[in-house]
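Below is one structure, written out as structure tokens; comments come after it.
The values are calculated or read from the model by the stated rules, or taken from the named source; none is laboratory data. Remember, predicted model here, so these are calculated numbers, not experimental data. All Cβ positions, glycine included, derive from the backbone under ideal geometry; neighbour counts span all protein chains shown. These accessible areas exclude ligands, DNA and RNA; they are computed on the full protein's heavy atoms, side chains included. Shrake-Rupley method; radii C 1.70, N 1.55, O 1.52, S 1.80 Å.
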Amino acid sequence: MSITNGVDVEQLGQAVETITDEPEGGQFRFRAETEWTDGLQSVTVIDDFDQAGEQIHTQEFHIEGDEPEQILGERAAPNAVELLLAALGSCLSVGYAANAAAMGIELDDLRFELEGDVDLRGFLGISEDVRAGYNAVTCTAYIDADASDEELAELRERVEATSPLLDNITNAVPLETDVVSARKREL
């Protein structure tokens, strides 16, 4: 067993081989259920997911959301756009650790600083000329590794080409929404 950066490189290779041979094994459906709790606060529950059509039950996670006081919240938890930055940082961390391990690069330290600029005039509907979400996001990766600048550039290219969150942020993802009225269900 070969472990690099806490990643079992042999197992990673086997997973790639298995999904290459049987693509349905790489088909996942993830779910989250968010419930408003009060004011501008909510709790999201993440529990199960599907892999190749089979429901997998794992540990249940609760993620709280709120807004800063300056946006009428209580700052009891991060807001949604901050959670997006956290999700991107988490995804990049996975990508760098796994790809570095596959490339034989040992990481001594890895961290990301992420920032995004939001203009509330878009969110509040004050101006149609202003986006509701981030105007720009910046990410700086700090890496201490036994690798050359060329290897780190290749690592970055691999990660950025395969990061699901980077893909979701930089490319439009089809989104379907629906509203179900509890009052109509009662009738």
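Here the sum of -39500 (n - 2.57) over DSSP H runs of 4 or more residues, divided by the residues of the chain, equals -11000 deg cm²/dmol at 222 nm, to the nearest 500. Largest GNM mean-square fluctuation across T58, T162, T177, computed for the chain with C-alpha springs under 10 Å, falls on T177. Between S42 and L110, the contour length at 0.36 nm per residue exceeds the Cα-Cα span by 21.4 nm. Amide H to amide H, with H built 1.01 Å from N, L107 comes under 5 Å of N5, counting only residues 5 or more places away or on other chains.
Highest GNM mean-square fluctuation among A136, A153, A161, for the chain modelled with Cα contacts below 10 Å: A136.
Summing +1 for each Lys or Arg and -1 for each Asp or Glu among the other residues whose beta-carbon sits under 13 angstrom from that of P78 gives -4. Solvent exposure of the chain amounts to 74 Å² per residue of accessible area, where only protein heavy atoms count and the probe is 1.4 Å. Only protein atoms count toward the accessible area here, which uses a 1.4 Å probe; on the range 44-187, the carbon and sulfur part of that area reaches 49 percent. When V159, V94, V130, V179 are compared by accessible area of protein heavy atoms, the largest-first order is V179, V94, V130, V159, using a 1.4 Å probe.
Remark: the chain carries a charge dipole of roughly 760 debye about the Cα centre, counting +1 on each Lys and Arg Cβ and -1 on each Asp and Glu Cβ. Comparing A32, A100, A172 in a Gaussian network model of the chain, where Cα atoms under 10 Å apart are tied by springs, the biggest mean-square fluctuation is seen for A172.
Given R0 = 22 Å, the distance between the Cβ atoms of V81 and A32 translates into a calculated FRET efficiency of 0.85.
Taking each residue as 0.36 nm, the span from H62 to S2 lengthens on full extension beyond its C-alpha to C-alpha distance by 18.3 nm. Please say if the range 1-153 is rounded, prolate or oblate, where rounded means a/c under 1.5 for a ≥ b ≥ c the square roots of the C-alpha gyration tensor eigenvalues, and otherwise the choice is prolate for a/b larger than b/c and oblate otherwise? Oblate, since a/c reaches 1.5 and b/c is not below a/b.
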